[in-house]
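Scroll down for the structure; my scribbles are underneath it.
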Amino acid sequence: MRDLFDDDPDRSRRFSLEACGIFLDYSKNLVTDETLGHLLALAGAADLTTRRDSLLRGDKVNNTEDRAVLHMALRNVGSRSYRVDGDDVMPGIRAVLDRMRAFSDEVRSGRWLGYTGQRITDVVSIGIGGSSLGPKMACEALHPYRQGGPRVHFVSNVDGAQLVQVLAELDAATTLFVVASKTFTTQETIANAESARAWCLASLHRDEAVAHHFVAVSTNAEAVAAFGIDTRNMFEFWDWVGGRYSLWSAIGLPIALAVGMEQFEEVLAGACDMDEHFITAPSERNIPVVLALLGIWYNNFGGADTQAIIPYDQNLQFLPTYLQQLDMESNGKRVTRDGEMVDYQTGPVIWGQPGTDAQHSFFQLIHQGTRLIPTDFILPMRSHHPLEGHHDKLVANCFAQAQALMRGRTEEEARAELAAGGMPSEGIERLVRHRVFPGNRPSNMIVVDQLTPRVLGALVAMYEHKVFVQGVVWGIDSFDQWGVELGKQLAASILSDFRQAKGSPRVDSSTAGLIRRYQTTTTD
Ligand code: F6P
């Protein structure tokens, strides 16, 4: 890469793109114009444009579940028309947005009162996977925009430790629960919601209190009613919204409660900006398409198994986790849309954490390990906090990491540095190899002016479209998730085995032994 930069002083300008408040410098990648030409041809050969149009038309692109995929409609603040089975979905979406606005305004202004007449100070969102990760990530990302709203907490794990810890700080009289589940059958969510209701009733004593302290977000009105939540307190969404794409739907209610509906609508508007860019920009100028193709370059032609996401923004601390579900649940597939086994790699392992913390934990391996780890750096140019000097240091570190990954340090440079530090020659020979950085380690620099709600929306939509493009090239269904089923089924069966005195004869000796050990431990 040093040579590529030396040979072309214009490289950083030519290999960068800007749209929707996002500047992408992809010049520190192991690509030339020729490589990019081939990758763009690959996208063309995979019929990317046709597939994108099919998605927009509301075709059942999630073919294994026979569902349309129209999360773009949820943030359609423009004038596009989105239809499912010929029906315009926009009136239904706008009606739910109106209800979210009215409700979040009531709670935030103190007009929505708890059962004992007190205003709501805390919201507990109960949900898991796509019904939690998006709102949790966005509430944290938009923390600087919280003004006077309730505190928002997230409970997802069936491990009761999480719920107990959150509730320990709260008063039932001033707490509102948002139970978020597309299906309203998810074991973890229902278990947490039932325990939350019991906690609420233990303090408020009357069943009528539930209506003041519980609302639901779901596609399943029947199950919501069966749980005991009045469906007038339910915010609806639709089966054409995939769980991990549902942040833009009423699943985003905790965001509206935390920072206000205007800010949530800004998030939607930012995503809509990115949708327009994705739909209209030519592939070679299209940020999600270019990111997707670079990922494919390393994944399928460079032997990379993973992709690191390193936000240099503490408020984006939950973005890597959010993107894990988005990417790995979407593209962790081994069968094509037509049911053929693939004979190439599909989705990479997504991982990461904010810089500069990441520099002091795993960056050693990215710099000098044996693996190729393409890295996305995400950086706001301006911070929201006033602390002098911090942001300069943060930005300098971010730029330095990308530069070090790209340039590395040659043996000659390492030797010269050690000599300049006064090290005797035998010491230099002993250490020099350890001090060499191979360089040529690719990264994208994704820069925003400031992490505003609008930019956040654009950023998340950018990754969604990237995942879509990669799924198209790999020929897989990015919108189903059959891989999560087996574990769920077996857990239900093991749970029933716990109640059998002798355990179940149906399981292997390892699982049977573990079940017996659990039974013995818990009956002691
Ligand atoms: O575990 C997989 C999954 O189905 C995700 O796709 C989904 O986001 C999550 O579970 C939660 O599902 P639900 O919203 O129906 O509770």
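Annotations for the structure displayed:
- Flag for SER54 being among the small types (Gly, Ala, Ser), without any contact (Cβ under 8 Å) to a residue 12 or more places away in the chain and open to solvent by less than 40 Å² (accessible area, probe 1.4 Å): yes
- Only listed residue being in contact (Cβ under 8 Å) with a residue 24 or more places away in the chain, hydroxyl-bearing (Ser, Thr, Tyr) and open to solvent by less than 70 Å² (accessible area, probe 1.4 Å), chosen from THR452, THR511: THR452
- Restricting attention to segment 123-169 and to residues that are among the charged types (D, E, K, R) and either assigned to a helix (DSSP H, G or I) or crowded, with 21+ Cβ neighbours inside 10 Å (or both), the residue that is farthest from the ligand (Cβ to nearest atom) turns out to be GLU140.
- When segment 158-184 is filtered for residues that are in contact (Cβ under 8 Å) with a residue 60 or more places away in the chain, of a type outside the set (Gly, Ala, Ser) and within 12 Å of ILE126 (Cβ to Cβ), the ones remaining, listed by number, are THR175, LEU176, VAL178.
- Residue within segment 436-443 that is closer than 15 Å to ASP327 by Cβ, open to solvent by less than 10 Å² (accessible area, probe 1.4 Å) and in contact with a helix residue (DSSP H, G or I) (Cβ under 7 Å, 6 or more places away or on another chain) present: no
- Residue in segment 66-74 that is touching a Ser or Thr at 6+ places or on another chain (Cβ under 9 Å), in a loop (DSSP other than H, G, I, E, B) and in contact (Cβ under 8 Å) with a residue 24 or more places away in the chain present: yes
- Just one of the numbered conditions (1) surrounded by 12 or more Cβ atoms within 10 Å (Cβ to Cβ); (2) free of Cβ contacts under 8 Å to residues at least 12 places away in the same chain; (3) within 30 Å of THR410 (Cα to Cα); (4) not aliphatic (A, V, I, L, M) is not true of GLU426: (1).
- Residue ID - nearest to ARG2 (Cα to Cα), chosen from residues in segment 407-421 that are open to solvent by less than 60 Å² (accessible area, probe 1.4 Å) and not aliphatic (A, V, I, L, M): GLY408
- Here ARG94 fulfils each of the conditions (1) assigned to a helix (DSSP H, G or I); (2) within 16 Å of the ligand (Cβ to nearest atom); (3) open to solvent by 50 Å² or more (accessible area, probe 1.4 Å); (4) of a type outside the set (A, V, I, L, M) apart from (2).
- Test for ALA141: is it closer than 23 Å to THR321 by Cβ and in contact with a helix residue (DSSP H, G or I) (Cβ under 8 Å, 6 or more places away or on another chain): yes
- When residues in segment 333-358 are screened for being buried (at least 19 other Cβ atoms within 10 Å of the Cβ) and either not in a helix (DSSP H, G or I) or not hydrophobic (A, V, I, L, M, F, W, C) (or both), 9 of them pass.
- When segment 299-332 is filtered for residues that are outside any loop (DSSP other than H, G, I, E, B), away from the ligand (no atom under 15 Å from the Cβ) and open to solvent by 10 Å² or more (accessible area, probe 1.4 Å), the ones remaining, listed by number, are ASN299, ASN300, PHE301, THR306, GLN307, GLN314, ASN315.
- Residue in segment 214-243 that is modelled with the highest pLDDT, counting only those that are of a type in the set (Val, Ile, Thr) and away from the ligand (no atom under 13 Å from the Cβ): VAL215
- Check on LEU17, touching a Lys or Arg at 6+ places or on another chain (Cβ under 8 Å) and either free of Cβ contacts under 8 Å to residues at least 60 places away in the same chain or not hydroxyl-bearing (Ser, Thr, Tyr) (or both): yes
- The criterion of at least 2 residues that are over 30 Å from GLY243 (Cβ atoms) is met, among helices (runs of 4 or more DSSP H) falling completely within segment 398-477, by 411-420, 425-431.
- Neighbours by Cβ (under 7 Å, 6+ apart or cross-chain): first from segment 186-197, more than 9 Å from the ligand (Cβ to nearest atom); second part of a helix (DSSP H, G or I): ASN192/LEU163; ALA193/PHE227; SER195/GLY160; SER195/LEU163; ALA196/LEU163; ARG197/VAL210
- Pairs linking a residue in segment 115-143 that is of a type in the set (D, E, K, R) to a residue that is away from the ligand (no atom under 16 Å from the Cβ) and open to solvent by 50 Å² or more (accessible area, probe 1.4 Å), with Cβ atoms under 7 Å and 6 or more positions apart or on different chains, are ARG119/LEU113; ASP122/ARG151; GLU140/GLN317.
- Residues (part of a helix (DSSP H, G or I) and either within 16 Å of the ligand (Cβ to nearest atom) or free of Cβ contacts under 8 Å to residues at least 60 places away in the same chain (or both)) located in segment 256-297: GLU262, THR280
- Considering (1) more than 16 Å from the ligand (Cβ to nearest atom); (2) part of a helix (DSSP H, G or I); (3) surrounded by fewer than 22 Cβ atoms within 10 Å (Cβ to Cβ), the lone condition that GLY487 does not fulfil carries the number (1).
- Residue check: PRO386 meets all listed conditions (1) open to solvent by less than 30 Å² (accessible area, probe 1.4 Å); (2) farther than 13 Å from PRO442 by Cα but one, namely (1).
- Unmet requirement for ALA211, which otherwise passes all of (1) small (Gly, Ala, Ser); (2) within 15 Å of the ligand (Cβ to nearest atom); (3) open to solvent by 40 Å² or more (accessible area, probe 1.4 Å): (2)
The values are calculated or read from the model by the stated rules, or taken from the named source; none is laboratory data. Keep in mind it's a predicted model, so treat the numbers as computed, not measured. Cβ: placed from backbone, ideal geometry, glycine included. Neighbour counts: every protein chain shown. Quick note on the areas: whole protein, heavy atoms, side chains included, nothing else; ligands and nucleic acids left out. Shrake-Rupley method; radii C 1.70, N 1.55, O 1.52, S 1.80 Å.
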